[in-house]
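Read the structure below first, then the notes.
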Amino acid sequence: MDLNLSTQERAFRDEFRAWLEANVPRDWPQWREKPLEESFPYLRVWQRKLYDGGWAAVSWPKEYGGRSATLIEQAIFWEEMARVEAPPMANALGLGLIGPTIIAYGTEAQKKRFVPKILSAEEIWCQGFSEPNAGSDLASLQTEARPEGNGYVVNGQKVWTSYGWIGDWCELVVRTDSSVPKHKGLTVLLVDMKSPGVEVRPLRQMTGESEFNELFFRDVRVPRENVLGQVNDGWNVAISTLMHERGAYGARLLPLFKRNINRLIELARTFPRGGRPAAEDALIRQRLAQCYAEVEIFRLNQLRASSRLTATGIPGPEGSIQKIFWSELNQRVQQLAQEILGPYGQLEKGDPCAVDNGLWAYGYLRCRGNTIEAGTSEVQRNIIGHFVLGLPRSY
Ligand SMILES: Cc1cc2nc3c(=O)[nH]c(=O)nc-3n(C[C@H](O)[C@H](O)[C@H](O)COP(=O)(O)OP(=O)(O)OC[C@H]3O[C@@H](n4cnc5c(N)ncnc54)[C@H](O)[C@@H]3O)c2cc1C
């Protein structure tokens, strides 16, 4: 692959760089430390600003509010966001996975109705896939939708629904036929979270946040026009969302990882460990250098994945490879932070002695979920083993 930017790519980078220079908010570091519920309106405003500038989803087709940017340009977009440590966008799932699925499978009416409000963060989306007895084995899900009148009546439960607490709409996978093999009886519905019969309950994580939720559906009516794709073809629609999820996450996380490793290197220069700055310990230097190199590998692999997609148009195994790599890398970086900071690393937000106002205590607890969300590491290895290496199927 060619890592040198073409004239067009350089022009794209320069234009976005100039826009960021003029528009990126400078007070994000103060907001970053507030609970998500408090900072969420701030993130909405930021996404709206990107939308107004035409930067909310650069790779989406122009007719749906994007710039029809190439995947390399998309990678440049995230690199520039990382460079200035820009805030994340509020509608992460809408932009990263659900919007692209609606663009791929939706009717023109659905695209017109939903896509602009995803881009502007007027409507926040959540993803109702996992259930108490269906996570890795998603196709075993039990939430059912029974046809009635001009639509469906939904009953069942979802769990671990990120953004459920703030979600206006949900991409919900339901069973519409239980008489056929499990993958063949699923359908995706676009569900208004304000419909009667939808109940959202918070789930408290070990970070103290309630980032995700349990969702209960009791006789929830969903009009027929809100079926996404074909009835009983929900498996393919859901897989498309998951492919976007595995691919998109990496790009969005790059800014965070770059910030973390750079900050950790800065801290190590002065933070005392065993009576001298941590960076004077050769072992710490080795591990910082290793983590720094791995963040670079992650960045370059992201570009490679984009380059391959641009060349072939076919998503490769990079999604699963990147998912394993970033989730385990983040855990290594957070572990190293704890070793450098010692007990100070465990002090939480609000404690006067906490380093970076508890960022590292939070990061260490939150990173455990990285190897579970968007498909566990074991499941990603199964995908690579079977679909890439041609080894026997694991499930
Ligand atoms: C932070 C976070 C956010 C999330 N957000 C959402 C969301 O917004 N929407 C949503 O629908 N879900 C969400 N999830 C749920 C997530 O997708 C599931 O937790 C994940 O798919 C695993 O399912 P499970 O928890 O049921 O575990 P299980 O599938 O029960 O797995 C338990 C263990 O068994 C292993 N295992 C299972 N099957 C195999 C196999 N075939 N081979 C080898 N090992 C196997 C797994 O790797 C795991 O270690 C989120 C999870 C987290 C942690």
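Think of each Lys and Arg Cβ as +1 and each Asp and Glu Cβ as -1; about the Cα centre, that makes the dipole of the chain roughly 360 debye. Farthest toward the positive end of the dipole of the chain, out of Gln331, Leu264, Pro392, is the Cα of Pro392, where the dipole comes from beta carbon charges about the Cα centre. To the nearest 10, the accessible area of Glu266 is 90 Å² with a 1.4 Å probe.
3J(HN,Hα) couplings calculated from phi for segment 101-106 with the Karplus curve 6.51 cos²θ - 1.76 cosθ + 1.60 (θ = phi - 60°) are, in sequence order, 5, 5, 4, 6, 10, x Hz; Gly and Pro show x.
Under a Gaussian network description of the chain, with springs only between Cα atoms under 10 Å, the residue in Gly363, Gly208, Gly375 that fluctuates furthest is Gly208. Length gained on full extension, Lys194 to Ala18: 59.4 nm, using 0.36 nm per residue less the C-alpha separation.
Note on segment 1-153: the alpha carbon radius of gyration divided by the globular reference 2.2 N^0.38 Å gives 1.23. Accessible area per residue was computed with a 1.4 Å probe on protein heavy atoms; Tyr362 scores about 80 Å². Quick one: what do you get for segment 103-169 if you divide its Cα Rg by 2.2 N^0.38 Å? In units of the 2.2 N^0.38 Å rule of thumb, it is 1.30. Apply the a/c threshold of 1.5 to the C-alpha gyration tensor of the chain and tell me whether it is rounded, prolate or oblate. Cα axes put the chain in the prolate bin. Say the dipole of the chain comes from +1 at the beta carbon of Lys and Arg and -1 at that of Asp and Glu; which of Gly94, Thr143, Ile297 then lies farthest toward its positive end? Among Gly94, Thr143, Ile297, the one farthest towards the positive end of the dipole of the chain is Ile297. In sequence order, segment 376-382 has phi-based couplings of 5, 4, 4, 5, 4, 5, 4 Hz under the Karplus curve 6.51 cos²θ - 1.76 cosθ + 1.60, θ = phi - 60°, and Gly or Pro positions carry x.
Averaging Cα coordinates gives a centre for segment 327-395 and one for segment 202-263; these two points are 18 Å apart. Note on segment 356-395: Cα Rg divided by 2.2 N^0.38 Å, N the number of residues, gives 1.71. Taking amide H atoms as placed 1.01 Å from N in the peptide plane, the amide H of Ala69 lies under 5 Å from those of Ser59, Trp60, each 5 or more residues away in sequence or on another chain.
Near the amide H of Val159, within less than 5 Å, lie the amide hydrogens of Ser130, Glu131, Leu215, all on another chain or at least 5 residues away, with H placed in the peptide plane.
The 3J(HN,Hα) values that the Karplus relation (6.51, -1.76, 1.60; θ = phi - 60°) gives for segment 209-217 are, in residue order, 7, 10, 6, 10, 9, 9, 10, 10, 10 Hz. Gly and Pro appear as x. Annotation: amide H of Tyr152 within the under-5 Å range of Val222, Arg224, sequence separation 5 or more or interchain, hydrogens built in the peptide plane. Of all DSSP bridge pairs formed entirely within the chain, close to 85 percent run antiparallel.
Taking the centroid of alpha carbons for each part, segment 86-139 and segment 21-45 are 22 Å apart.
Contact order, relative form, for the chain: 13 percent (alpha carbon pairs under 8 Å, 6 or more residues apart, mean separation divided by residue count). The listed residues Ser178, Ser6, Ser195, once ranked by accessible area (1.4 Å probe) with the largest placed first, stand as Ser178, Ser6, Ser195. Pairs of C-alpha atoms in segment 79-134 farther apart than 14 Å represent 62 percent of all such pairs. Per residue, the accessible area of segment 75-124 comes to 31 Å², computed with a 1.4 Å probe over protein heavy atoms only.
Placing unit charges on each Cβ (+1 for Lys and Arg, -1 for Asp and Glu) gives the chain a dipole about its Cα centre, and among Phe40, Leu189, Ile103 the Cα reaching farthest toward its positive end belongs to Ile103. Relative to the Cα centre, the charge distribution of segment 231-300, modelled as +1 at Lys and Arg Cβ and -1 at Asp and Glu Cβ, gives a dipole magnitude of about 360 debye.
To the nearest 10, the accessible area of Lys182 is 80 Å² with a 1.4 Å probe.
The values are calculated or read from the model by the stated rules, or taken from the named source; none is laboratory data. What you see is a predicted model, and the numbers here were worked out from it, not measured in a lab. We place every Cβ from the backbone using ideal geometry, glycine too, and count neighbours over all the protein chains shown. Just the protein is used for accessible areas: all its heavy atoms, side chains included, with ligands, DNA and RNA removed. Shrake-Rupley method; radii C 1.70, N 1.55, O 1.52, S 1.80 Å.
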